[in-house]
Amino acid sequence: MASSLADWLSYIESLHPRDMELGLARVAQVARRLQLLPWAGRVVTVAGTNGKGSTVALLDHLARAGGWHTAVYTSPHILRFNERVRLDGVEVTDEALVAAFVQVEAAREAEQVPLTYFEFTTLAALCVFRAAAPDLLILEVGLGGRLDAVNIIDADVAVITSVGLDHTDWLGDTRDAIATEKAGIRRTGRPLLYGEEDMPPVVATLAEQDRVPLLRGGRDFGSDARGLFWQGSGPQPLPPVSLGEDNLATAAQALALLGQPPAPAHLATAATLQLAGRCQHLLRQGVDWYLDVGHNREALARFLRRAPAARGGRTLAVCAMLGDKPVAALAPFAPVVEQWWLADLDGYRAGTAARLADALPGAAVSCHASVADAVRAARNTAGPGDRVLVFGSFYTVADAQTVLMAEVTGG
């Protein structure tokens, strides 16, 4: 039997013939064996095409600032699996995860059912959280919502941050179809928040049909010239919010519904919160590097809008994307970026630098076999005052972070 965390993760990957198999029956069966259902305690579940990770981070920050103990489950990770499972803002240890994996495997074998990697690790996270008995459990949906493993837990407040065209092979090829899947996290009589102002009409239809109180961004909560607002609160003046005013308003509204409205001082500290891979800023030898995991049109357009302008220098870019992501999302960058370093990504959904280069006719591009090679090449060209935008996937950010962090550690 596996002993180290790395060994366990390798073993879990081998258990199911497919990376993903949507459905709740198998994971709920094992969850019941583990006595994880029904969950005892407050729960917020967050779905959405873009903005999930930022909203989860803001929820966690505000809840802990208000005195609550929190448990947070997110995915995917950037550098370490432990990033996915946090208690009071701290990644859980390898030992805690291994102990939880042992529990899940015993229950899985007793039920004689296969589990995907995500299902298995979700159950392990819930085992860790149950022992900690947090005041608030925050769950980030992995894919969709209705059939995602976290949806075995009934949320007290359900959040959809946004709906865009992504993962269309799994969720459908229209916003209404995708919104229907994401709205599957709703529960009768419990509030559903929709974060962005442009809400697909089907969300309101489903909420009314199931008697779900629906609160909409821009109407019931949001931000305007006066500041941040939510139901039951007047405008709260704020500086620019690193992770997005819309995401902060959504988090504040969710906590207010749970009886924990954030204090103005806590909102002010949340406004400065940084999150790895979300317009993440690294300063290296006078060069501003901005790293973002965005990989669809809406996420990349937002990244381009929010990334601070170059400090007198050029805008350069490093990009690598999976093969099923839209290269048309690069179009808004073309008039801004002076030089590109494009990279291949490995794996069954591999994306090539050549595919990206074809989407940038006439641009100054160079193609590289890896993100690390592309980052090193860009680093050799960039000078003080330049900004380098690094984006396209979690893999891109992970590999770029590894290279750029090595400068600090001397690697």
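Arrange the following residues from fewest to most other Cβ atoms within 10 Å of their Cβ: C127, C367.
Working: C127 23, C367 17.
Least crowded to most crowded, the residues run C367, C127.
With a Förster radius of 22 Å, plug the Cβ-Cβ distance of H77 and R376 into 1/(1 + (r/R0)^6) and report the FRET value to the nearest 0.05.
Working: r = 23 Å, r/R0 = 1.07.
Between H77 and R376 the formula returns 0.40.
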Revision key, fill the gap. Phi-derived 3J(HN,Hα) across the range 29-35 with the Karplus relation (6.51, -1.76, 1.60, θ = phi - 60°), rounded Hz, x for Gly and Pro, is 4, 6, 4, 5, 4, 7, 6
Practice item. Could I have the simple spin-label model distance between T205 and T402, label points 7 Å from Cα toward Cβ, reported in nm to one decimal? Key: 4.6 nm
Point to revise | Inter-label distance for V98 and A350, nm, one decimal - labels placed 7 Å from Cα along Cα-to-Cβ | key: 3.4 nm
**Study point:** Intensity falloff of the range 280-409 expressed as log10 I(q)/I(0), Debye formula with alpha-carbon point scatterers, at q = 0.20 Å⁻¹
**Key:** -1.13
Study note, to complete from the structure: For the range 310-349, the Cα gyration tensor yields equivalent-ellipsoid semi-axes (√(5λ), largest first, whole Å) of 24, 12, 6
**Study point:** 222 nm mean residue ellipticity, helices alone, for the chain (DSSP H n ≥ 4; -39,500 (n - 2.57); rounded to 500)
**Key:** -11000 deg cm²/dmol
Exercise for review: Distance between Cα centroids, the range 241-258 to the range 259-274: provide it in whole Å.
Suggested key: 9 Å
Exercise for review: Find how many whole Å separate the alpha carbon centroid of the range 83-158 from the alpha carbon centroid of the range 279-343.
Suggested key: 33 Å
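Once you order the gyration tensor axes a ≥ b ≥ c over the Cα atoms, which shape class does the range 1-80 get: rounded for a/c under 1.5, otherwise prolate or oblate by comparing a/b with b/c? Intermediate values should be presented prior to the final figure.
Values: a/c = 1.73, a/b = 1.47, b/c = 1.17.
Taking the square roots of the gyration eigenvalues as a ≥ b ≥ c, the range 1-80 is prolate.
Based on the Cβ-Cβ distance from A177 to Y117, what FRET efficiency comes out when R0 is 35 Å, to the nearest 0.05? Show your work: numbers first, answer last.
Working: r = 25 Å, r/R0 = 0.73.
The calculated FRET efficiency here is 0.85.
Would you please calculate the Kirkwood hydrodynamic radius of the range 144-241 over all C-alpha pairs and express it in Å, rounded to one decimal? Before the final figure, lay out the partial values.
Values: mean 1/r = 0.0699 Å⁻¹.
By the Kirkwood definition, the hydrodynamic radius is 14.3 Å.
Where a number appears in this text, it was derived from the coordinates with a stated rule and is not lab data. These figures come from a predicted structure and were not determined experimentally. Here Cβ is always computed from backbone atoms with ideal geometry, including for glycine, and neighbour counts include all displayed protein chains.
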